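Asker: My questions all concern the structure below.
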Amino acid sequence: EPEVTQTPSHQVTQMGQEVILRCVPISNHLYFYWYRQILGQKVEFLVSFYNNEISEKSEIFDDQFSVERPDGSNFTLKIRSTKLEDSAMYFCASSLLARGLIFGPGTRLTVL
Amino acid sequence: AQSVTQLGSHVSVSEGALVLLRCNYSSSVPPYLFWYVQYPNQGLQLLLKYTTGATLVKGINGFEAEFKKSETSFHLTKPSAHMSDAAEYFCAADSSASKIIFGSGTRLSIRP
């Protein structure tokens, strides 16, 4: 069964450093998403991406965040200058018709 | 603005007992509705979804949910709990093509 994959599974970084989280969505899907989950809290929407552009973003998704689909298969989330409060699980998701997202296993980001 | 409310952050039932996890949504447009399950240290797995048609939807692992428009509810049930059902359950709603939003989650514990 097709699945969304994410790398790395765990990323540790120093505050102020840039990180790039990578995702490979399901190949025929058209909509791509990033969500995050701070430990013990709810799953929060960050951004959605369709037709090579951002279709919606939350107030969390400020100027330090960016997304890219550089080569038609990977979908990346870049955090330019990480803060302690960016520590969370980051989930990538994709969908064919924007109904019923399929999530990846997540990347645990730890900012020290 | 759309919101999803899950009543009860923690539900505990005995093995073999009925599981009932509550979810209410608020939306001016009837949304598509989902239940996701998250096992410890894992990602989000789609349990079931309601889009259109039959209001009682069946999902994996014996779970089902009923969409009740008059009550703006989408409660998740399972007739007989199993120890392996212990997990975090998230209700989610999607009334636009750009994103789904999650409830705060309900942790289900199963007593032997």
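The values are calculated or read from the model by the stated rules, or taken from the named source; none is laboratory data. What you see is a predicted model; the values in this text were computed from it and never measured. As a convention, Cβ positions derive from the backbone with ideal geometry for all residues, glycine included, and neighbour counts pool all protein chains shown. These area figures cover heavy atoms from the full protein model, side chains too; ligands, DNA and RNA do not enter into them. Shrake-Rupley method; radii C 1.70, N 1.55, O 1.52, S 1.80 Å.
Asker: Chains A and B: how much accessible area gets covered up at their contact, both sides added, probe 1.4 Å, in Å² to the nearest hundred?
Answerer: Counting protein atoms only, the buried area is about 1600 Å².
Asker: Say the cut-off is 30 Å between C-alpha atoms; which of A:LYS78/B:LYS58; A:LYS78/B:LYS69; A:LYS57/A:LYS83; A:LYS42/B:LYS69 go over it?
Answerer: A:LYS78/B:LYS58; A:LYS78/B:LYS69
Asker: Let me ask something else about it. Return the inverse of the average 1/r over all pairs of distinct C-alpha atoms in the protein assembly as shown, which is the Kirkwood hydrodynamic radius, in Å to one decimal.
Answerer: Every distinct Cα pair counted, the radius reaches 18.0 Å.
Asker: Which of the aspartates and glutamates could be linked to B:LYS68 by a straight reach, that is with a Cα gap under 19 Å, when you skip same-chain ones fewer than 8 residues away?
Answerer: Within reach: B:ASP94.
Asker: Then there is this: Over chain B, what percent of the accessible surface lies on carbon and sulfur atoms, probe 1.4 Å?
Answerer: So the carbon and sulfur contribution to the accessible surface is 52 percent.
Asker: What Kirkwood hydrodynamic radius do you get for chain A when you take the inverse of the mean 1/r over all pairs of distinct Cα atoms, in Å?
Answerer: 13.9
Asker: Quick one: ranking A:GLU3, A:GLU18, B:GLU66 by accessible area, 1.4 Å probe, largest first, what do you get?
Answerer: These residues rank, largest area first, as A:GLU3, A:GLU18, B:GLU66.
Asker: OK, next. Please state the relative contact order of chain B as a whole percent: Cα pairs under 8 Å, 6+ residues apart?
Answerer: Once normalised by length, the contact order is 38 percent.
Asker: Grab every C-alpha pair in region A:71-112, bin the distances at 5 angstrom width from 0 up to the longest one, and report whole percents.
Answerer: 5, 19, 22, 21, 16, 11, 5, 1
Asker: Which semi-axes, in whole Å and largest first, does the equivalent ellipsoid of chain B have when worked out from the alpha carbon gyration tensor as the square roots of 5 times its eigenvalues?
Answerer: Computed over chain B, the values are 23, 14, 12 Å.
Asker: At a probe size of 1.4 Å, how large is the accessible area of B:GLU88, to the nearest 10 Å²?
Answerer: 50
Asker: Across the residues of A:28-40, average count of Cβ atoms on other protein chains within 10 Å?
Answerer: Average neighbour count from other chains, rounded to a whole number: 2.
Asker: Along each principal axis of its Cα atoms, how long is region A:1-47 end to end? Whole angstroms, biggest number first, please.
Answerer: Cα spread of region A:1-47 along its principal axes, largest to smallest: 36, 22, 19 Å.
Asker: Applying 1/(1 + (r/R0)^6) with R0 = 25 Å to the Cβ-Cβ distance of A:GLU3 and A:ASP71, what FRET efficiency is obtained, to the nearest 0.05?
Answerer: 0.85
Asker: With every protein chain kept in place and ligands, DNA and RNA left out, what is the accessible area per residue of the protein assembly as shown? Probe 1.4 Å, answer in Å².
Answerer: 49
Asker: Whenever you get a sec, line up A:ARG69, A:ARG80 from highest to lowest accessible area (probe 1.4 Å, protein heavy atoms).
Answerer: A:ARG80, A:ARG69
Asker: Out of the total accessible area of chain A (probe 1.4 Å, heavy atoms of protein only), what percent is carbon and sulfur?
Answerer: 48
Asker: Just for the Cα atoms in region B:1-55, what are the lengths along the principal axes, largest first, rounded to whole Å?
Answerer: 37, 25, 22
Asker: While we're on this one: I'd like the Kirkwood hydrodynamic radius of region A:49-101, using the inverse of the mean 1/r over distinct C-alpha pairs, in Å.
Answerer: Result for region A:49-101 stands at 12.7 Å.
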